[in-house]
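Presented below is the structure to which this report refers.
The values are calculated or read from the model by the stated rules, or taken from the named source; none is laboratory data. Since we're looking at a predicted model, the values are computed, not measured. All Cβ positions, glycine included, derive from the backbone under ideal geometry; neighbour counts span all protein chains shown. Only protein heavy atoms, including side chains, enter the accessible area calculation; ligands, DNA and RNA are left aside. Shrake-Rupley method; radii C 1.70, N 1.55, O 1.52, S 1.80 Å.
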Amino acid sequence: MRCALGGERTGLKTLIVIRCGERLCALDRAAVREVALLPELARPPTLPPSVEGLMNLGGEAIVVVDLARLLDVVSDATIDPIYRHVVVLAGADDSIGLLVDRVEDVRRINPDSITPADDHSSLNNCVIGHVEIADSTAHLLDAGRIFLAAEKARFADLRQAEQARLEGLGG
């Protein structure tokens, strides 16, 4: 299952709501290129600990990072790995996918319902706000702040090597 994501309605913000262990998080839809079920991943021996593996998305190499491990939360062990999702980021990070326990919802919210986060309360300051979804509070993540520049450079190297391998195999 892959789904490309559509545009915004005027005045509303669309969020992709994800479960990451016991945490409910959300990403702005504009930061998400697509969502895919977790495929079989390539796992070369040189992967850094935060990288779960590399996926082939229609001939394109995507570095898959375990968001729970990155945020130092425990994944939900009751979820069968075949039901986990990869959230492929858009824009400058379009070769990075976030492995999450599951994508729970796509919600349109009024931007005024977002409570700003404390400036220094999270890893890389990637939590930029909180929003009430159903009976829970979701941490709104800024996809551009999740990774440090050095991590992005390392991921780019991994992606290039995997892309070369895929092209050698014929896609």
So which residues in segment 45-54 are in contact with a strand residue (DSSP E or B) (Cβ under 8 Å, 6 or more places away or on another chain) and farther than 9 Å from Glu162 by Cα, if there are any at all? Leu47, Ser50, Val51, Glu52, Gly53
Can we say Ser75 is touching a Gly at 6+ places or on another chain (Cβ under 8 Å) and polar (S, T, N, Q)? yes
Out of all the residues in segment 62-81, is one or more within 20 Å of Leu41 (Cα to Cα), basic (Lys, Arg) and in contact (Cβ under 8 Å) with a residue 60 or more places away in the chain? no
Restricting to segment 76-107, name every residue that is buried (at least 20 other Cβ atoms within 10 Å of the Cβ), part of a strand (DSSP E or B) and either in contact with a helix residue (DSSP H, G or I) (Cβ under 7 Å, 6 or more places away or on another chain) or among the acidic types (Asp, Glu) (or both). Leu89, Ile96, Leu98, Leu99, Val100
Of all residues in segment 10-39, how many are open to solvent by 10 Å² or more (accessible area, probe 1.4 Å) and within 17 Å of Arg145 (Cα to Cα)? 5
Leading residue by the ranking (surrounded by the fewest Cβ atoms within 10 Å (Cβ to Cβ)) among those in segment 116-167 that are touching a Gly at 6+ places or on another chain (Cβ under 6 Å) and at pLDDT 90 or above: Pro116
Mind listing whichever residues of segment 51-75 are buried (at least 16 other Cβ atoms within 10 Å of the Cβ) and not in a strand (DSSP E or B)? Leu67, Ala68, Arg69, Leu70, Leu71, Ser75
